[in-house]
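Peer 1: This is the structure, below, for whatever I ask next.
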Amino acid sequence: MGGFFGVVSKHDAISDVFFGTDYHSHLGTKRGGMAAYDSEIGLQRDIHNIENSPFRTKFSDIFSEMKGTAAIGCISDTHPQPLLIRSRIGTYAICTIGYIRNSEELIDKYELTAGGHFGVMTGGNVNSIELVASLINKKDTFCEGIKFAQEVIEGTVAILLLNNDGTLIAARDKFGRLPLIVGKNDDGYSVSFESFAFEKLGYQKVKELGPGEIVHITADGMTQLSPPRDEMRICAFLWTYYGYSTSTYEGVNVEMMRYKNGQILAQNDKKMGVAQDIDYVCGMPDSGTPHAIGYANESDADFARAFIKYTPTWMRSFTPSVQSERKKIAKMKQVAVKELIQDKSLLIVDDSIVRGTQLQGTMDMLHENGAKAVHMRSASPPIMYRCKYLNFSTAKSDLELITRRTILELEGEEGFEHIDEYSSPDTERGKKMRQTIAAQFGFDSLEFQSLEGTIKAIGLDPCKLCTYCWNGKENN
């Protein structure tokens, strides 16, 4: 995934962008970058690898290295950014969030390398931010170029651009799958993925950009360059998993949604009469915790932290590309509280179950510490489809998903014709999938939140939500 933050101010913007960007560290673990504009120096840029160190430690010298009244920063799980671009429509710095799945087709179709070249990454891949800039530069204005880029890109792209005159251009992706919010203080404006990032810095929210909306921002005001589209498909997984608990999107706070989501899970279990003899409800740290609190508040069991993430080294999410390393890390970052586990019946709530990487390590830890029974609950519906619009998951194939692997085991490829039945807990296929996964890991029971329950917990009109990873419904 990734996140960005920008400020244009009457005074120095570096401090606010440093802290505002750092507040997006939960969204990416590969690279961090900042760019700034100063009337004397012009555009400046700095990029660091943050795979083994947090953003703030790599940019601790930025206050002496960079200055300016306008700046942008980015946490990226993909390519180095921001980039500095010189083109016929202007010189600027640019960063993006999203996922482009038709890069090669765009390069060929629009002859983006004709008479020139692209810098390539390891393995020969093109930097996606340079690709977006090349598409923008084919038009006569930034607004026309951004609209063109968003129209031809298959996937999602939100754009933050710092002009060589110290102004910002911000564009939300065309279906609004990701949030983009503008804040204001006495000195200027900020643009952020996460709303709490600018609120913590003293900005007040003035506008949440609509799908495809483009604005031009100076220290004195904001001008709409292109109005929002009517159709929105914001990613529902924002609230379930990767959005930060203190943020609010489209008027819905993440933490409050997760409490309500957990309550709905508990109500479903009560209705079915399952997992009612529980000593403690526990959350999978960290994003599973608020779902578990909601569950405990609705149930007759207390909430407890039976195992805790070792935050001095695992303060950030980290997902290596090698499966064996993922399993090792899933085990090492959780530390048990034996007194809350031994001879206890536990119900564990995780934000989602994707590959099942963490499940075996968690169960081994609980059994080693003497758990009497373990019931597993996913605060997300069964994930049946690899996301084609965002890159918050590194899955390369649908068969990396534990649901798909289980269906293949039970019924072969024929089973993929019955995804809706497997998603439901009320069908024979759905029950069999849950029983099979539970038996594989030694759970006393396994259940997922329903899609209807997720939508109810969010509270937005279903037509405004992207739920592709759960039901495979196209909405592009």
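Peer 1: Working only within the range 144-166, note down all residues that are surrounded by fewer than 18 Cβ atoms within 10 Å (Cβ to Cβ) and touching a Leu at 6+ places or on another chain (Cβ under 8 Å).
Peer 2: Within the range 144-166, Phe148, Val152, Asn164 qualify.
Peer 1: Let me ask something else about it. Only one residue in Thr69, Thr78 is touching a His at 6+ places or on another chain (Cβ under 8 Å) and among the hydroxyl-bearing types (Ser, Thr, Tyr), so which one is that?
Peer 2: Answer to the check: Thr69.
Peer 1: Which residue out of Glu474, Glu413 is more than 22 Å from Ala266 (Cα to Cα) and not assigned by TED's automatic domain parsing to the domain that holds Ser352?
Peer 2: None of the others qualify; the one that does is Glu474.
Peer 1: Which of the residues spanning the range 450-475 are under 19 Å from the mean Cα position of the chain (by Cα) and outside any helix (DSSP H, G or I)?
Peer 2: Listed by number, the residues that qualify are Leu460, Leu465, Cys466, Thr467, Gly472, Asn475.
Peer 1: To continue, here is another question. Assuming Gly356 fulfils every condition listed in (1) modelled with pLDDT under 90; (2) among the small types (Gly, Ala, Ser); (3) farther than 18 Å from Gln435 by Cα apart from one, which condition is it?
Peer 2: (3)
Peer 1: Kindly indicate whether any position in the range 124-134 is in contact (Cβ under 8 Å) with a residue 60 or more places away in the chain, hydrophobic (A, V, I, L, M, F, W, C) and either touching a Gly at 6+ places or on another chain (Cβ under 8 Å) or crowded, with 17+ Cβ neighbours inside 10 Å (or both).
Peer 2: No, the range 124-134 contains no residue that is in contact (Cβ under 8 Å) with a residue 60 or more places away in the chain, hydrophobic (A, V, I, L, M, F, W, C) and either touching a Gly at 6+ places or on another chain (Cβ under 8 Å) or crowded, with 17+ Cβ neighbours inside 10 Å (or both).
Peer 1: Restrict the check to the range 189-196 and report whether at least one residue is at pLDDT 95 or above and surrounded by fewer than 21 Cβ atoms within 10 Å (Cβ to Cβ).
Peer 2: Yes, that holds for at least one residue.
Peer 1: Based on what the data block shows, is Val281 in contact with a Leu (Cβ under 7 Å, 6 or more places away or on another chain), at pLDDT below 95 and surrounded by 20 or more Cβ atoms within 10 Å (Cβ to Cβ)? Before the answer, list the steps.
Peer 2: Working: in contact with a Leu (Cβ under 7 Å, 6 or more places away or on another chain): yes; at pLDDT below 95: no; surrounded by 20 or more Cβ atoms within 10 Å (Cβ to Cβ): yes.
So Val281 does not fit the description; no.
Peer 1: Yes or no: the range 266-283 includes at least one residue that is closer than 19 Å to Val337 by Cα and either in a loop (DSSP other than H, G, I, E, B) or free of Cβ contacts under 8 Å to residues at least 40 places away in the same chain (or both). Let's see the steps before the verdict.
Peer 2: Narrowing the range 266-283 to residues closer than 19 Å to Val337 by Cα: 278-283.
With the extra rule that they be either in a loop (DSSP other than H, G, I, E, B) or free of Cβ contacts under 8 Å to residues at least 40 places away in the same chain (or both), the set shrinks to 278-279.
Yes, the range 266-283 contains a residue that is closer than 19 Å to Val337 by Cα and either in a loop (DSSP other than H, G, I, E, B) or free of Cβ contacts under 8 Å to residues at least 40 places away in the same chain (or both).
Peer 1: Same structure again: Are there any pairs with C-beta distances below 8 angstrom linking a residue in the range 446-463 that is without any contact (Cβ under 8 Å) to a residue 40 or more places away in the chain to a residue that is surrounded by fewer than 20 Cβ atoms within 10 Å (Cβ to Cβ), with the two at least 6 apart or on different chains, and if so which?
Peer 2: From residues that are without any contact (Cβ under 8 Å) to a residue 40 or more places away in the chain, the pairs are Pro462/Ile455.
Peer 1: Sort through Met376, Met384 and tell me the only one that's within 28 Å of Val157 (Cβ to Cβ), at pLDDT 95 or above and crowded, with 18+ Cβ neighbours inside 10 Å.
Peer 2: Among Met376, Met384, only Met384 is within 28 Å of Val157 (Cβ to Cβ), at pLDDT 95 or above and crowded, with 18+ Cβ neighbours inside 10 Å.
Peer 1: Then there is this: Within the range 434-445, is there a residue that is over 21 Å from Met376 (Cα atoms) and either part of a helix (DSSP H, G or I) or not assigned by TED's automatic domain parsing to the domain that holds Leu265 (or both)?
Peer 2: Scanning the range 434-445, I find no residue that is over 21 Å from Met376 (Cα atoms) and either part of a helix (DSSP H, G or I) or not assigned by TED's automatic domain parsing to the domain that holds Leu265 (or both), so the answer is no.
Peer 1: Kindly indicate the residue of the range 133-191 that is aromatic (Phe, Trp, Tyr) and in contact with a Phe, Trp or Tyr (Cβ under 9 Å, 6 or more places away or on another chain) and also nearest to Met34 (Cα to Cα) among those meeting that condition.
Peer 2: Restricting to residues being aromatic (Phe, Trp, Tyr) and in contact with a Phe, Trp or Tyr (Cβ under 9 Å, 6 or more places away or on another chain), the top hit is Tyr189.
The values are calculated or read from the model by the stated rules, or taken from the named source; none is laboratory data. No experiment lies behind these values; they were computed from the predicted model shown. All Cβ positions, glycine included, derive from the backbone under ideal geometry; neighbour counts span all protein chains shown.
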